[in-house]
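Below: the structure, in structure tokens.
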Amino acid sequence: MRTAHSLILALGAVAALGSPALADGLIIIRPHPPERPDMRNVPLAVKYHHVTVTVKGRVAVTDIEQVFVNHNPRRLEGTYVFPLPEGAAIDRFSMWIDGKETSAELLDAVRARGIYEQIVRSLRDPALLEYAEYGMFKARIFPIEPNSEKRVRIRYAEVLPADNGTVAYRYPLNTEKFSSRPLQDVSISVSIEDDAPITALFSPSHAIDVPETLGKSVRVGWEARDIKPDKDFLLYWLPTHKDVGFSVITHRDGGDGTFLLVLAPRSADDLPAIPKDVVFVMDTSGSMAGKKMEQARAALRYCLRSLGAEDRFSIVPFATEPRPFRDTLQDATPAMRTAAEKFVDGMGARGGTAIDDALRIALGMFSGRGDDGRPALVLFVTDGLPTIGETDADRIVARAAKSDVGARLFVFGVGNDVNTRLLDRLSRENRGTRDYVAETESIEEKVSNLYAKLAKPAMTDLALTIEGVAATAIHPKALGDLFHGGELLVVGRYARPGNAVVRLRGKVRGASREIVEEIRLPEKATQHTFLPRLWAVRRVAFLLEQIRLHGETSETRDEVVRLAKAHGIVTPYTSYLILEDEALPARRTANGRRPEPPRAPGFFGGGAPGAGGGGAGGAGPSDAPLPTRAEADAGDRLRRAAGKAAEGGAAQSGSKSVDLSRELKDLAEFRGSRDDRALGRAGGASLVKHVAGKTFVSRGGTWWEHTIDLRAPRTTVPAFSEQYFAMLRAHPWIGKFLTLEALVLTIEGKVYEFVR
């Protein structure tokens, strides 16, 4: 152990910038005595896995504690293997056996590669090959008693890479695939301290718990139970003294590059609150009776109690006709808020649904208030279709847009009996957002959560320009407003690497403000491989929304098809646009040619005749591999989902329409692999995989890199052969793809098929 520690210290305390942090250990076991034929050479199960990270400036110390369990009835001998990032400094390793500290050694990448290969050859499992480029910390463990636990603790330090001032941290949780059982408990806690306040804080991989207020010291966390984690933990943040932080990360590996710009204001604790005007518009028609009405009252009470002393407000409940609390905006004095709560307590549910009249009165309250810099907000909750007064959706939207009072309209549709196109257009054309509350969800929770964010505006009427790098396809198109405690994610493409000037214009307390930043978008940036797909998902969301609201054009449809196929964007609404027909059940006609891919008639409604995704891909070559039965079943599920999507797109109300609107909203707000499950990918998950920025499609049990022509000549490489390992040594980067086992991959312009 002293020798190993000396070797570690000799490495120095600084890690090389840009090296991914690989730090998840595992125990490879073998029977003891070794001649026992009934014992398999497999990893132990992991009971729990706790990771504590402390970051000061750019130096991160990662402390990992794992408990391994031997569920076998026999004594085992094992090897603890810890993939090590280049240049990391280990300052602690704890594993005591029979009162003695176990011996350990540190291996460089060359020596480690041989051990990785040896384990892979023995297990006939390529999972370890993704670490073929990295070093190793290794310890012998004996004995591992029957039905016992082994606790391991290891700690290392590294210097974190930064891109345009944005600091990045990575922890490889996906190595838990080596555990023979789901983990009972897994958690990651990250504490960050910096001389400058932390503004932007973002994880594209996991739904982290972020405090409402950020500062020079921030702690975030993630935890789960009874799972086998399958993706790395990623965290990005920006320390800055500026009022609005610009966190930028990029990816470019040939062709156009992709950038992610995260805009986040500094903490509002030391800033005076910006007074605002807000009107709460609440549907009190007969269908809101019972639990809905109780939750609506509770949501209004929360909002009223959250008003600032300088805010102004009113309430417009409506049924057959609107019955406002007051005809004009009222100062949020204690007495007025008390009166408003009594008014809310007396609201009942009866009558029809006069949406147009209610919005006209609510928006009219902002007329003539002057340009005093107050944000104007409308929170609109309804559970029905317009049945009283004006019922034409186009006219209702047009009237709201012509009010020209600068109000943001935030819409909540409750249940399925709502006109989603009306509500979606109201929110979009009045620079707000929309959300839908299912019967099983809480109106109070949804409304209060949104209002808690809206209560602290930082900068309004945002407009963004990026100059000097030929930036295109930037999403979202309309930024809206920036709130304290929130953030805006802006993604786009750039054609010319180099220095870019970013200009953010907006208003702070009614006064115009411009923030100018200079950032560098590089020629080559191979990190952050999740970025192109994140951009593609948001781009597809924008295009689908355009098709849904304005009808389909061949250009829009073709771009959706291209992006969906390239990035494996599988949802119930785009599934039949994504997969080439050779990934669907193979059925040939009498002349040996494949039939046309399935068409979903009238997708989103009102499209061009015959449009609907039938052009997802031409017929494949006659020698295209046949899919497996599981793939055929998945293809059938995708076609059924496409039919449901078509029905939902054509309808303006009902469960399918609500599901469609929610799905498109999820696409537009996609934040990376953390949201893949929320996008309804279950129907196609067995047909598409994403590994290190590449998309693979399953064909006949083999994973094909999606850009490869099926007719291209290819060289066959048997798994675990000498040629297999020779290629791995020559191109260590392919190790992460070889974990798919059977695949077709391009290496330096040539196509190779790795077969089991």
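Restricted to Cα atoms, the stretch 193-302 shows a radius of gyration and a Dmax of 20.4, 59 angstrom. Annotation for the stretch 684-756: GluC sites (Glu not before Pro) lying in DSSP loop with at most 12 further Cβ atoms inside 10 Å of their Cβ are GLU748. Volume per residue of the convex hull around the Cα atoms, evaluated for the stretch 123-238, comes out as 155 Å³.
Distant-in-sequence amide contacts of SER148, defined by a placed amide H-H separation under 5 Å and a gap of 5 or more residues or a different chain, comprise ASN70. Longer than 18 Å from Cα to Cα, which of LYS694/LYS750; LYS656/LYS689; LYS507/LYS665; LYS47/LYS689; LYS402/LYS477 are they? Say none if no pair is. The answer is LYS656/LYS689; LYS507/LYS665; LYS47/LYS689; LYS402/LYS477. Listed peptides 243-249, 186-192 appear in the order 243-249, 186-192 once ranked by packing, highest mean of other Cβ atoms within 10 Å at the front.
Just to check I understand the Karplus step: with θ = phi - 60° and J = 6.51 cos²θ - 1.76 cosθ + 1.60, what whole-Hz values come out for the stretch 507-520, glycine and proline as x? Per residue, the Karplus-derived 3J(HN,Hα) values read 10, 10, 6, x, 8, 5, 9, 10, 10, 10, 10, 10, 10, 10 Hz. Ranked by the mean number of other Cβ atoms within 10 Å of their residues, highest first, the peptides 113-121, 296-304, 74-82 come out as 296-304, 74-82, 113-121.
Along the stretch 384-394 the Karplus relation, 6.51 cos²θ - 1.76 cosθ + 1.60 evaluated at θ = phi - 60°, assigns HN-Hα couplings of x, 8, x, 10, 10, x, 6, 10, 7, 4, 4 Hz to successive residues, with x for each Gly and Pro.
Here is the P(r) of the stretch 277-455: all C-alpha pair distances, binned every 5 Å from 0, give 1, 9, 19, 24, 23, 15, 7, 1, 0 in whole percents.
In terms of distances greater than 32 angstrom between alpha carbons, the cross-link table entries LYS291/LYS453; LYS138/LYS565; LYS242/LYS276 yield LYS138/LYS565. In a DSSP loop and with at most 13 other Cβ atoms within 10 Å, the trypsin sites (Lys or Arg not before Pro) in the stretch 405-514 are LYS477.
Values in this text are rule-based calculations from the coordinates and carry no lab data. Note that the structure is a prediction, hence the values are computed from the model and not measured. FYI the Cβ positions are ideal-geometry reconstructions off the backbone, even for glycines, and counts take in every protein chain you see.
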